[in-house]
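K.L.:
Before I ask anything, let me first share the structure, which is written out below as structure tokens.
The values are calculated or read from the model by the stated rules, or taken from the named source; none is laboratory data. These figures come from a predicted structure and were not determined experimentally. Note that we place each Cβ from the backbone using ideal geometry, even for glycine, and neighbour counts take in every protein chain shown. Just so you know, the surface numbers come from the protein's heavy atoms only, side chains and all, with ligands and any DNA or RNA stripped out. Shrake-Rupley method; radii C 1.70, N 1.55, O 1.52, S 1.80 Å.
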Amino acid sequence: MLKLIAFFALTLPLLAEHGGTKPWLREMQDLYEKQRAQVPNTRLNHRWSADKGTFLFKLTEDGSDKSFQLDLKTGKATEAPFSSKEKNSLDPKAYASGPGRNRARSSAKSPDGKWEIRPGNPPALKNLASGEIKQLPPPPKGSRYDSRIHWHADSSCFYLTHRTQHPTYQVHLVDSSPKNQLQPKHIVHNYEKPGDKRNISTPVIFFTDDRKPIPVSPTLIKNPYSISDLRWHEKGHRLTLAYIERGFGKYRLIEIDADTRFQRILAAEESDKFVHVFEHCYYRFLRNQKEFLWLSQRTGFNHLYLLDRKSGDVIRALTEGDWVVRDVVAVDEEKRTALLQISGYHPDQDPYYLHYATVGLDDGKMTLLTSSNGTHEIRFSPDKNHHLAKWSRVDHPPVYEIRRTSNGELLATLNKPELKIDWQLPERFVCKDRNNEYDIHGVIWRPRNFKKGQKYPVIENIYAGPHGSFVPKGWSSWSSHKYEMAEAGFIVVQIDGLGTNHRGQKFQQVAYKNLKDSGFPDRIKWMKAAAAKHPEMDLTRVGIYGGSAGGQSSTAALLHHGDFYKAAVSDCGCHDNRVDKMWWNEQWLDWPINESYIENSNRTHIPKLKGHLMLTVGELDKNVDPSSTYQIVDDLIKADKEFTFYMIPGAGHGAGEAPHFRRKRIEFFKKHLQ
């Protein structure tokens, strides 16, 4: 009998506890509401008076809601009634009117009503006065003309695009548990993968008279990834287009002069590694038709230049230095100024903090609209003479400032946050990278009941995609899954290592053909430096988790750094970049397919797996082909590796962030690290 009782005593804790997600989620929601309530004024209800003389705002002070009126001349605030009928702030993009592009007209009939394009492949040009029909030449073999016709404003010419007709790879998915029927569904969607043939639309200029058509010179658009942003220009008969080379080594602004038939590269960005076109490239033709703006990394840092429209030469560099222009927010062509979002400008601040500035197009004179030590958001008064600046840090709640737009002068600080919280503030931490060249920035989150001197396992949340930087910079009363993890008794960290964005070209291009690096040497060095300062961080028990590119990296941690990382949870990982989408992977691993695709694949390194691995994926993921995870599962089975795997029915990308699996992730780390 004693043996039987002992048996039941030993087995009862092993029985599954069903229904654990709802109470856990309710507990997390209660904590979220509690923490949010402890920090007031994370948003500011405000208005600008119609007479342009005052700024109205509401604050919570000592638990009471109060309303104030700020005199925009003196900067003095007094208590006064609040009126929601006054004027709202303007979004930063409303700083100036839109780009005023002369976009190509799409119509079968010419603007003057004298010509019409008759459908067909090839189509025909009809003279509506005489009835004469002229057949257009056929497109290149294997192509078809697109249906849209783009006339020049004077009706003398037009362009058509012909598009290649390569079959597009299709991903087949099974919805095993559809909501509206019993039987599974078969779902097919088009999905270009690295190395696939890509369909490209290429323009040809045609004339209403007897001049021969003008195709784009093949030498200017060799191996295109895309040809886009085609537009006629008012002066002359010039057509411009933007070209991205396959493999992302070249980005060109190309011009075709239909009068002279001359074609040229007006401006270009080139790299023997990659040009991050979707983030770092921008141009805008100014309405004077003599100049255009161009973002360039020609110095190694993203900066704005004013270029001559005729020659393509640089008139002046509008910004310069070891910092970056993050965005050209708006351009006021009448006042000849541009509104910029910048980072890294202040050497004594975190280089990722967002700031705003205006720059003069005629002299390159820059006026800082923000300067406080935090990351910023701004909104303008209706007359744009003042702006509301909101800044914060992960360890500092929002502060609101009213500044003058003309010179960035601080007129008034509206609030002074006082923290009275019962949870641990995040801590910013910095150390040098693997080469002792760059500062590596990260954040530490601790458990609510953190005790100094007690050892805690460390969990890293990773996303190392080269297209961005990911460590939060602004205030949040609840950092979602990171606080959930800390509440379970872990110290949580997040770090931006080499190979990520916003620190200059050299910093980012560490990722070229090297995604498996994921900045791990910098991350490990950072954690060791943090643990030297905070010995509560137990680096004998380190876990890591991430999704998508972070799923690839978190698994790679156990493959390449299994002596440091002991457990990993990977959701919807792009574990083999050949199986993932074309546009993201060819940016970093180049084209055509090369050995780096094999070397960076997690599948290649499965025999080196150490530690404990949990994989999740949604069966209907249309962002990352779920086969990327399934193939890893297959490799793990063949290699006789121990692992945990959840395929989530009916779920798409990021399925592992559903409440049930966030809880399972915590339990997985508890089992293997606590």
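K.L.:
Which ³J(HN,Hα) values in Hz, rounded to whole numbers, follow from the phi angles of the range 230-240 under the Karplus curve 6.51 cos²θ - 1.76 cosθ + 1.60, where θ = phi - 60° and Gly and Pro get x?
P.N.:
So the J values, rounded to whole Hz, are 6, 7, 7, 10, 5, 7, x, 10, 9, 10, 10.
K.L.:
Something else: How large is the translational diffusion coefficient of the range 286-394 in µm² per second when you combine the Kirkwood radius over alpha carbon pairs with Stokes-Einstein at 37 °C and 0.692 mPa s?
P.N.:
Here the translational diffusion coefficient equals 224 µm²/s.
K.L.:
Which peptide among 621-630, 233-242 comes first, and what is the full order, when sorted by highest mean count of other Cβ atoms within 10 Å?
P.N.:
Going from most to least packed, we get 621-630, 233-242.
K.L.:
Which percent of the accessible heavy-atom area of the chain goes to carbon and sulfur, probe 1.4 angstrom?
P.N.:
50
K.L.:
Compute the length gained on full extension between LYS365 and SER228: take 0.36 nm times their separation in residues and subtract their Cα-Cα distance, giving the result in nm to one decimal.
P.N.:
Once the chain is fully extended between LYS365 and SER228, it gains 46.1 nm.
K.L.:
When all C-alpha to C-alpha distances in the range 388-440 are sorted into bins of 10 Å, what percent of pairs does each bin hold, rounded to whole numbers?
P.N.:
Going out from 0 Å in 10 Å bins, the range 388-440 shows 19, 30, 25, 23, 2 percent.
K.L.:
Can you list the HN-Hα couplings for the range 533-545, worked out from phi with the Karplus curve (6.51, -1.76, 1.60; θ = phi - 60°), rounded to whole Hz and with x for Gly and Pro?
P.N.:
With the stated coefficients, the range 533-545 comes to 7, 10, x, 5, 6, 8, 7, 8, 9, 10, x, 8, 8 Hz.
K.L.:
Can you bin the range 567-630 into rounded, prolate or oblate? Criterion: square roots of the alpha carbon gyration tensor eigenvalues sorted a ≥ b ≥ c, rounded for a/c under 1.5, prolate for a/b above b/c, oblate for the rest.
P.N.:
The shape class here is oblate.
K.L.:
For the chain, what is the calculated [θ] at 222 nm in deg cm²/dmol (nearest 500), taking -39500 (n - 2.57) for each run of four or more DSSP H residues and dividing by its residue count?
P.N.:
-4500 deg cm²/dmol
K.L.:
Using the Kirkwood radius over C-alpha pairs as Rh, can you work out the diffusion coefficient of the range 458-523 via Stokes-Einstein at 10 °C, viscosity 1.306 mPa s, in µm² per second?
P.N.:
124
K.L.:
Applying a 10 Å radius around every beta-carbon, put 296-304, 343-351, 126-134 in order of their mean neighbour count, most first.
P.N.:
Ranking, from highest mean packing down: 296-304, 343-351, 126-134.
K.L.:
If a/c stays under 1.5 just call it rounded; otherwise compare a/b with b/c (prolate if a/b is bigger, oblate if not). Do that for the range 93-247, with a ≥ b ≥ c from the square roots of the Cα gyration tensor eigenvalues.
P.N.:
Verdict is prolate for the range 93-247.
K.L.:
Compute the FRET efficiency between ASN594 and SER64 as 1/(1 + (r/R0)^6), taking r as their Cβ-Cβ distance and R0 = 51 Å, and round to the nearest 0.05.
P.N.:
Once the sixth-power term is evaluated, E becomes 0.20.
K.L.:
Calculate the spin-label point distance for ASP640 paired with LYS34, positioning each point 7 Å from the Cα along the beta-carbon direction, and give it in nanometres.
P.N.:
4.9
K.L.:
Sticking with this one: Any idea how far apart LEU182 and LYS451 come out in nm if each label point goes 7 Å out from Cα toward Cβ?
P.N.:
The two pseudo-label positions are separated by 5.7 nm.
K.L.:
What angle, in degrees between 0 and 90 and rounded to the nearest 10, separates the Cα long axis of helix 2-11 from the longest principal axis of the Cα atoms of the chain?
P.N.:
The two axes meet at around 20 degrees.
K.L.:
Also, I was wondering about something else. Roughly how big is the chain's charge dipole about its Cα centre, with Cβ charges of +1 (Lys, Arg) and -1 (Asp, Glu), in debye to the nearest 20?
P.N.:
Computed about the Cα centre, the dipole is about 620 debye.
K.L.:
In degrees from 0 to 90, rounded to the nearest 10, what is the angle of the helix 21-37 Cα long axis to the longest principal axis of the chain?
P.N.:
With rounding to tens, the tilt is 70 degrees.
K.L.:
Can you find, among ALA567, PRO224, ALA389, the residue farthest towards the positive end of the dipole of the chain? Put +1 on the C-beta of Lys and Arg, -1 on that of Asp and Glu.
P.N.:
Working it through, the farthest residue towards the positive pole turns out to be PRO224.
K.L.:
Please check which bits of the range 570-602 a label hung off SER271 would reach, taking the label as a point 7 Å along Cα-to-C-beta and the cut-off as backbone N under 17 Å.
P.N.:
583-592
K.L.:
Rg(Cα) of the chain divided by 2.2 N^0.38 Å?
P.N.:
1.12
K.L.:
Per residue of the range 383-398, in order, report the coupling 6.51 cos²θ - 1.76 cosθ + 1.60 (Karplus, θ = phi - 60°) as ³J(HN,Hα) in whole Hz, putting x for Gly and Pro.
P.N.:
For the range 383-398, the Karplus curve yields 8, 6, 7, 9, 9, 8, 10, 10, 10, 7, 9, 4, 10, 9, x, x Hz.
K.L.:
How many Å² of accessible area per residue for the chain, probe 1.4 Å?
P.N.:
45
K.L.:
Still on this structure, I have one more. Grab the Cα-Cα distance for THR164 and GLU657, subtract it from 0.36 nm times how many residues apart they are, and report the gain in nm with one decimal.
P.N.:
Working it through step by step, the gained length comes to 173.5 nm.
K.L.:
Still on this structure, I have one more. Name the shape class, rounded, prolate or oblate, that the alpha-carbon gyration tensor gives for the range 291-351, where a ≥ b ≥ c are the square roots of its eigenvalues, rounded holds for a/c under 1.5, and otherwise prolate holds if a/b is larger than b/c and oblate otherwise.
P.N.:
Oblate.
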